[in-house]
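Reading through the structure tokens given below for one structure.
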Ligand SMILES: Cc1ncc(C[n+]2csc(CCOP(=O)(O)OP(=O)(O)O)c2C)c(N)n1
Ligand SMILES: [Mg+2]
């Protein structure tokens, strides 16, 4: 039987009081920074700077708390992250810099994640165990099995964290992850996340998924906790992620968490990336903070201005930076740099 964890709604306490004012403000600021970064990236893609945009506006209330809760570092004593292309809030909360995403968008040489080669929001940060993000959806649910096996053997409380989308959870890799992490012979410490924005490009969730909540898949496994949360609320997200991580770190077993989030700019630049009318997690969060007198509208406005300045300054800097030299394509691959004999060997 799957364990349904008791919702804090049933406890009668205001969940906002569970987090310190500093934590709430830190989350708010990073959500705003993330939103403005993504809006900048969209603007760049519409202006022909970079070839493609895909990212996470609408997922900030879930991604940012997750990023702050990661046990960050390199190696098996720390968490491993197997992310997808809507994870900018996670990376920013972990300490990634706005300017580096803008660099990857403009495909300049200074892009630290791919030297101007990959799509934007395709991170690769070895120092923090952030595995290279793949544009092939859901393969991360398979790769996370490997890091989790290594962490289980190693001991300690490091966990593997994987996130992906609702449509991808209809693919085999997601189910391999459930089966492999729940093997009675060797259960694995994986936080299995599905961010359900109710669409796979243009396929509605309701037309593809007969299981209702995706977290219902946990019921197939003896004792596996599964939970669906409102991922548009950063406090609900923070508390649910914290609870799931506590369980996985201690029990060394998997946990399935489904976060229902908005998708505020459609799928990607391929579908136009225009703003759509769905609940905005930042507006909702600000309303909650204002009502509780934890922040004033003036304070919020100041934060928006400061974060906008950070994005503007970074963008101005990136515009001065060089594109990769075409010859650089041969560097950082599985060869020893440029092979002068390549054309003679039949290449062109
Ligand atoms: C293996 C594979 N199949 C198909 C695609 C094309 N594709 C890119 S994004 C996407 C939809 C993914 O939807 P979902 O998993 O719900 O994530 P979301 O984009 O909504 O966050 C598809 C089918 C792909 N990138 N990789
Ligand atoms: Mg989706």
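Can you put 62, 51, 290, 334 in order of Cβ neighbours within 10 angstrom, beginning with the fewest?
Ranked by crowding around the Cβ, least crowded first: 334, 51, 290, 62.
Expressed as cubic angstrom per residue, what is the convex hull volume of the alpha carbon set of region 88-159?
With only Cα atoms used, region 88-159 gives 97 Å³ per residue.
Could you give the Stokes-Einstein D for region 157-212 in µm² per second, using the C-alpha Kirkwood radius, 4 °C, 1.567 mPa s?
104
If you take every DSSP beta bridge fully contained in the chain, what fraction is antiparallel? Give it as a percent rounded to 5.
Rounded to the nearest five, the antiparallel share is 10 percent.
Taking the highest mean first, how do the peptides 31-37, 223-229, 71-77 order by number of other beta carbon atoms within 10 angstrom per residue?
Top of the packing list down: 31-37, 223-229, 71-77.
Can you give me the P(r) profile for region 116-260? Cα pairs, bins 10 angstrom wide beginning at 0, each as a whole percent.
All Cα pairs considered, the percentages come to 11, 41, 38, 9, 0.
Given region 259-300, what whole percent of its Cα pairs are spread farther than 16 Å?
Tail of P(r) above 16 Å: 50 percent of Cα pairs.
Quickly rank 101-111, 180-190 as a protection proxy: mean count of other C-beta atoms within 10 Å, highest first.
Highest to lowest by the protection proxy: 101-111, 180-190.
Within the P(r) computed for the chain, what percentage of the Cα pairs occupies the region above 31 Å?
35
Can you pull the Rg over Rh of region 193-243, Cα-only, Kirkwood?
1.01
Short version: what are the Cα gyration tensor semi-axes of region 208-348, square root of 5 times each eigenvalue, largest first, in whole Å?
41, 30, 17
Show me the ranking of peptides 89-99, 18-28, 150-160 by mean Cβ neighbours inside 10 Å, starting with the highest.
Descending mean neighbour count gives 89-99, 150-160, 18-28.
If the viscosity is 1.567 mPa s and the temperature 4 °C, what translational diffusion coefficient in µm²/s does Stokes-Einstein give for region 1-125 when Rh comes from Kirkwood over Cα pairs?
In µm²/s, the coefficient rounds to 81.
Expressed in nm², what is the orientationally averaged projection area of the convex hull enclosing the Cα positions of region 80-128?
3.1
Rg and Dmax in Å for region 260-334, alpha carbons only: what are they?
In Å, with Rg to one decimal and Dmax whole: 19.4, 57.
Taking a temperature of 25 °C and a viscosity of 0.890 mPa s, what whole-number D in µm²/s does Stokes-Einstein yield for region 11-78 with Rh from Kirkwood over alpha carbon pairs?
170
Bear in mind these aren't lab numbers, they're just calculated from the coordinates by the rules spelled out. The shown structure was predicted, so the numbers you read here are calculated from the model rather than taken from an experiment. Heads up, the Cβs are rebuilt from the backbone with ideal geometry, glycines too, and the neighbour counts pull from every protein chain shown.
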